[in-house]
1. In percent, how large is the relative contact order of region A:207-359, given Cα pairs closer than 8 Å and 6 or more residues apart?
2. What full-extension length gain, to one decimal in nm, is calculated for A:Val335 and A:Arg36 as 0.36 nm per residue of separation minus the Cα-Cα distance?
3. For the rotation taking chain A to chain B, which residue of A has the Cβ nearest the axis, and how many Å away is it?
4. Output, in nm with one decimal and in ascending order, the distances from the B:Asp140 label point to the matching label points of the other copies (7 Å from Cα along Cα-to-Cβ).
5. Once phi is turned into ³J(HN,Hα) by the Karplus curve 6.51 cos²θ - 1.76 cosθ + 1.60 with θ = phi - 60°, what whole-Hz value does each residue of region A:247-257 show in order, with x for glycine and proline?
6. Give the shape of region A:151-195 as rounded, prolate or oblate, defined through the alpha-carbon gyration tensor: a ≥ b ≥ c are the square roots of its eigenvalues, a/c under 1.5 means rounded, and otherwise the shape is prolate if a/b is larger than b/c and oblate if not.
7. Using a Förster distance of 56 angstrom, determine the FRET efficiency expected from the C-beta separation of B:Leu209 and A:Tyr139, and round it to 0.05.
8. When only Cα pairs under 8 Å and 6 or more residues apart are kept, what is the percent relative contact order across region A:3-89?
There are 2 protein chains.
Amino acid sequence: MTPEATLARFREYMVGPTRFMTLLSCFELGIIDALRERPGMTAAELGDAVGVKPDAVEQLLFLLVKEGFVGYGGAAEEGRGYSLDALGAVPERDLKRALAYMNMIKVVALRQLFNLTESARTGTLVGLKELYGAEGTLYDAVAEHRDLREAWAKLMDTVTANIDPWFFGNIDMPSGAQVLDLAGNTGLGAVHTFQMKHVPGMRVTTFDLPEKETECLENFRAHGVAEHCSFIGGNVFDGIPEGFDVVLIKHFLDMFDRDAVIQILNGVHKSLPVGGQVNILVPVYPEDVTETDNHNVDFFPAFFIGCTMGQGGPQKLSTYRSWLEECGFEVTRTVTKDPAELPQDVIPVPAVLSATKTA
Amino acid sequence: MTPEATLARFREYMVGPTRFMTLLSCFELGIIDALRERPGMTAAELGDAVGVKPDAVEQLLFLLVKEGFVGYGGAAEEGRGYSLDALGAVPERDLKRALAYMNMIKVVALRQLFNLTESARTGTLVGLKELYGAEGTLYDAVAEHRDLREAWAKLMDTVTANIDPWFFGNIDMPSGAQVLDLAGNTGLGAVHTFQMKHVPGMRVTTFDLPEKETECLENFRAHGVAEHCSFIGGNVFDGIPEGFDVVLIKHFLDMFDRDAVIQILNGVHKSLPVGGQVNILVPVYPEDVTETDNHNVDFFPAFFIGCTMGQGGPQKLSTYRSWLEECGFEVTRTVTKDPAELPQDVIPVPAVLSATKTA
């Protein structure tokens with residue numbers, strides 16, 4: 001890589017924040033919806049329609065024209081108006097998914113990233129504290145702050161709905177399984193377990209902080225699984241309940257640094273009988289991080305350290321495998337999602353690791 | 001462009017903010033300097049050296065390894081440490097320039113962009129107000145807020161030092177010229193005019209807000225040009241001083257929407273005698289905005305509307321030309337900088353427009 005190529009790549013990074021918000025802002029302002037409804041509008045007409053000065057409409061649309069997302073011009077008799085170009089061909093469902101993610105990044109990350117360096121130094125969320133006065137993690141703050149909660153919950157519901165079918169399609173569930181969904185939040189994972197992986201005699205228990213219990217039990221009732229599911233309140237780091245033979249750990253290990261992950265895996269090991277299984281869903285970095293179709297390293301380190309936890313971040317599959325072995329598990333199966341099978345806007349490339357307690 | 005390609009491009013946008021801060025943070029934390037000094041350090045050694053948990057060092061460096069900026073591994077006898085790869089080949093001077101720009105974007109833009117949509121709707125700097133309680137533009141706020149001022153001034157000094165020689169190399173300065181540097185700030189432009197374009201009998205006057213006078217006159221003395229330069233206090237929109245035959249407008253027209261630019265150009269026209277010249281330095285969008293080697297549209301719309309002015313943004317050269325003609329000027333010369341001649345990290349692609357008052 002020449003110095004010139006390196007500096008050109010720096011410039012790509014420099015325009016990252018402005019590109020991100022220019023695109024999102026065109027959606028937020030209603031410009032894209034207006035063009036979908038009435039193609040061919042000029043900047044003046046769009047400005048009228050969305051309540052923005054035409055000068056600003058024109059400025060913000062330059063980038064979308066550059067990208068080919070929006071077209072400008074056309075035949076003389078149509079005037080010099082804008083129309084959806086590439087954006088017009090993207091199914092609305094896909095756009096909604098991408099916009100939910102973009103909104104989450106805007107609300108949960110954009111401003112908070114300003115303090116990434118101090119967050120890395122202190123292991124605390126300096127940006128979250130400065131913006132919201134919040135002392136803990138993002139997961140504590142979402143309980144208090146509606147804007148964070150809405151941006152976060154909308155995204156996580158989308159992610160869970162898209163990825164849980166794949167996860168459950170890749171794990172075995174023995175008949176009569178007594179399942180513990182570790183850090184199972186308000187029960188959606190337990191509901192999915194029951195809906196997607198039901199075997200005779202199965203029982204699923206959500207384990208999370210006691211304050212989640214009420215909402216979790218409501219969710220069980222709402223989904224008609226209350227007689228098969230239950231809730232145990234507690235903290236993963238204080239000890240994991242015994243009496244289960246399958247533990248699920250979804251969207252959780254990537255939140256922690258190595259020492260905490262080892263502590264969690266040791267706790268799971270202690271709680272399980274010999275032969276008990278753990279099934280892990282986690283985004284993974286590719287073994288060769290220079291692979292360009294995996295964007296996990298472009299996003300998660302700064303996101304976890306600067307915006308959600310003050311620590312953590314995914315690892316390579318081989319790292320998780322060695323940590324499981326270090327904690328007394330034999331890894332029986334690993335599956336990494338082929339990035340080409342994910343919708344192209346989706347960042348996390350997940351993997352499933354299944355392992356058995358050997359002794 | 002297929003829907004898949006469009007969504008993949010969205011993902012590039014989504015990772016823009018985290019990529020930007022991950023790279024900058026590795027410099028801010030001192031990781032890059034530490035590796036320059038002692039190649040081959042492990043994450044644990046780097047963590048010790050810069051006061052950051054090794055887990056976080058490793059996480060943040062994944063992206064730099066992906067990019068080839070930093071290398072990881074090497075021969076077994078060297079251990080599994082990091083070393084500068086592409087970054088090691090970039091001259092320090094170039095890195096310093098790029099980092100000054102990145103720091104400016106972080107301080108002046110990153111958090112403020114959160115409110116881009118509201119800024120576009122209101123024509124005000126909603127983010128600047130929320131963060132600093134500032135009511136005006138960035139240029140008002142830099143006077144009050146040291147962090148903004150330092151990030152901004154450092155960048156502008158770099159930009160001016162790099163681009164002024166090119167600007168003065170592309171304008172004619174008639175003997176005995178009486179030059180007015182419009183919105184000339186604290187006199188650096190006047191000093192450069194004298195140093196780079198001195199002709200017999202020339203006199204240069206900086207015109208800007210009255211509060212700039214003291215610092216401006218000090219600058220003239222410090223540079224030994226006090227007997228050739230002077231200062232007039234005033235506001236461009238309230239009337240432009242007469243008695244000059246060359247007006248310079250540098251880094252200024254791009255700050256305003258069309259109506260304000262026309263007002264400025266009309267004011268200049270009124271102030272000049274027939275035959276008087278105006279020389280404009282301004283970043284321009286390419287006539288075909290889909291050109292990929294010009295990054296002005298990737299940066300400036302959001303930057304001006306969301307972070308510095310609540311309005312404005314550059315235009316195409318042809319737009320500035322038509323505005324000049326509309327205001328009674330004949331455009332005598334235009335030169336656009338070839339993007340390939342700029343250092344590859346530099347965003348603004350500038351142009352010079354020279355024009356004469358015809359009647």
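The values are calculated or read from the model by the stated rules, or taken from the named source; none is laboratory data. Just so you know, these numbers come straight off a predicted model, no measurement behind them. All Cβ positions, even for glycine, are placed from backbone atoms using ideal geometry, and neighbour counts span all protein chains on display. Please note that ligands, DNA and RNA were not included when accessible areas were found on the heavy atoms of the full protein model with its side chains. Shrake-Rupley method; radii C 1.70, N 1.55, O 1.52, S 1.80 Å.
1. 24 percent
2. Length gained between A:Val335 and A:Arg36: 103.6 nm.
3. Output: A:Gly16, 1.
4. Result for B:Asp140, in nm, nearest copy first: 3.8.
5. For region A:247-257, the Karplus-derived couplings read 10, 9, 10, 10, 6, 9, 4, 5, 7, 10, 6 Hz, x marking Gly and Pro.
6. oblate
7. So the FRET efficiency works out to roughly 0.70.
8. 27 percent
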